[in-house]
Amino acid sequence: MKLTEHLSRLSITAILVVAVLILPILLINCKNTSESKKIDDSDWRLVFEEPFDGFNQYVWEPAAHTFDYNAAYFRPQNIAYHDGKMVFTLKKEEWQGRHYTGAELRTRQYYHYGRYIVRMKAARGSAVVSSFFGFRYNPWQEIDIEFLGKDTRKIHLNIFYNEGPEGAPNNNSDINHQSPIVLDLGFDAAADFHEYAIEWETGELRWYVDGLLIYASSNPDKVPDLSTQIMMNLWYSESVSWAGAPDDASLPTSAEYDYVRFYQKQE
Ligand SMILES: [Ca+2]
């Protein structure tokens, strides 16, 4: 056996020995890490729960409007309830100058720091956006979960933050718009229901999927600090570079919501 051959066999043996010894330790560490990032229920109190067995007009307000860059106009008629689920539909329909209609729902009340949970199934289709978020105007602050129908294996997280007291103008020139964070889910959000959570505390935001932490932000200059309405919508983006080109063949399409829950930290 040549010396080099002998050395290479030795090194292969060494690698195998190291792998056998180290791999279980790595696996144990991974397990511990994921366990430590699990959502912790111990210090949160359930304040509000919506099972979507039907429309509760005292809690929710359906939208009849639209916004810039949305090719769809929101109509209450596009919100239905079946088998304990709320269904939003986006379809081709002429209404109020738009060629499509979608759906949007928001709480009448504003909610502040806490844990926001939704169990939902995203909609498919290029240019289609399904969402769950906290939102306020004056000043504009927003905490988002979004799914683009062109690739429902990804989740988009976003924050809009304008500082100032209640009633301060939106001041778009100073808007602190954190670039969207895009993460692979490891599953198709349009294939089945999954639970998505946002934990919002002073200067800190955490997002969870099925009880596991996927992203945290603790930049106090970019974490909203005023109460927001809880919202969901299904719309048709005019931003081709972001959401893809409209594709009428994929319409109508639907997003489904099983429940929404809001928790506050125990005193
Ligand atoms: Ca339900």
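What follows draws every value from the coordinates through simple rules; no lab data is involved. Please read these numbers as outputs of a predicted model, since none were measured by experiment. So basically every Cβ, Gly included, is an ideal-geometry build from the backbone, and we count neighbours across all protein chains shown.
By how many nm would the segment from Asn170 to Glu201 lengthen if fully extended, with 0.36 nm per residue of separation less the alpha-carbon distance?
8.9 nm
Summing Lys, Arg as +1 and Asp, Glu as -1, what charge do residues with Cβ under 13 Å from the Cβ of Phe187 carry, Phe187 excluded?
Result for the local shell: -3.
By average Cβ neighbour count within 10 Å, what is the ranking of 247-254, 232-239, 64-71 from highest down?
232-239, 247-254, 64-71
Points 7 angstrom from Cα along the Cβ direction at Asp40 and Tyr81: gap in nanometres?
3.6 nm
Within 11 Å, Cβ to Cβ, of Ser131, how many net charges do the neighbouring residues add up to if Lys/Arg are +1 and Asp/Glu are -1?
-4
Any chance you could run the full-extension gain for Asp247 through Asp184? It's 0.36 nm times the residue separation minus the Cα-Cα distance, nm to one decimal.
Extending this stretch completely gives an extra 20.3 nm.
For His65 and Ser239, FRET efficiency with R0 = 22 Å and r from the beta-carbon atoms, rounded to 0.05?
With R0 = 22 Å, the Cβ-Cβ based efficiency is 0.70.
To the nearest 0.05, how large is the calculated FRET efficiency for Lys92 and Glu49 if R₀ is 22 Å and r is the Cβ-Cβ distance?
The computed FRET efficiency comes out at 0.05.
Work through the residues other than Tyr81 whose Cβ is under 14 Å from its Cβ and net out their charges, Lys, Arg +1 and Asp, Glu -1.
Charge balance near Tyr81 sits at -4.
Checking the a/c ratio against 1.5 first, then a/b against b/c, what shape does the Cα gyration tensor give for segment 40-265?
Taking the square roots of the gyration eigenvalues as a ≥ b ≥ c, segment 40-265 is rounded.
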